[in-house]
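Colleague: Next up is a structure, given as structure tokens.
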């Protein structure tokens, strides 16, 4: 019997979910409330948390109402780096320099993965740093080109440019 897409989204029968292990210490990872981890858990967020927490500060949030993780289990350093990478990446489409779909197509190209799997929540430190660097490079290059196109050019008809001299 094949599970429906909705059942899969809720977290049923996702391969590896019952045996997920912490990539840092090898301990089992358990689904639990974010209470006590998040300072404010008004949204009743759930997390997959390393069983050695807080000694091993590794966890990942799940999509609301499901048991599907939004990425891979990460320690504090990697979680912070992913937030930074997302901020730099988001500038590409939130600034209007690129459409959101175009930005995610670029991300998939950078990661050499299908667009459906191009998520910063799964990136390692190396790829986070690459996305930060390349996002900034593209953002600054596109911003420069945009400014160059819209920059006011002085009049040159009949010498008006030199009239004030």
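Rule-based calculations on the coordinates, nothing more; no lab input. What you see is a predicted model, and the numbers here were worked out from it, not measured in a lab.
Colleague: Let me know the shape class of the range 57-102, please: from the alpha-carbon gyration tensor, a ≥ b ≥ c as square roots of the eigenvalues, rounded when a/c is under 1.5, otherwise prolate if a/b is greater than b/c, or oblate.
Modeller: oblate
Colleague: While we're on this one: Once you have the Cα-Cα distance between residue 19 and residue 39, take 0.36 nm times their residue separation minus that, and quote the gain in nm to one decimal.
Modeller: 4.4 nm
Colleague: For the range 77-150, what is the relative contact order in percent, using Cα pairs closer than 8 Å and at least 6 residues apart in sequence?
Modeller: Across the range 77-150, relative contact order equals 41 percent.
Colleague: Calculate I(q)/I(0) for the range 77-150 by the Debye formula, one identical point scatterer on each C-alpha and no solvent, and give its log10 at q = 0.27 Å⁻¹ to two decimals.
Modeller: Debye output, listed in q order: -1.29.
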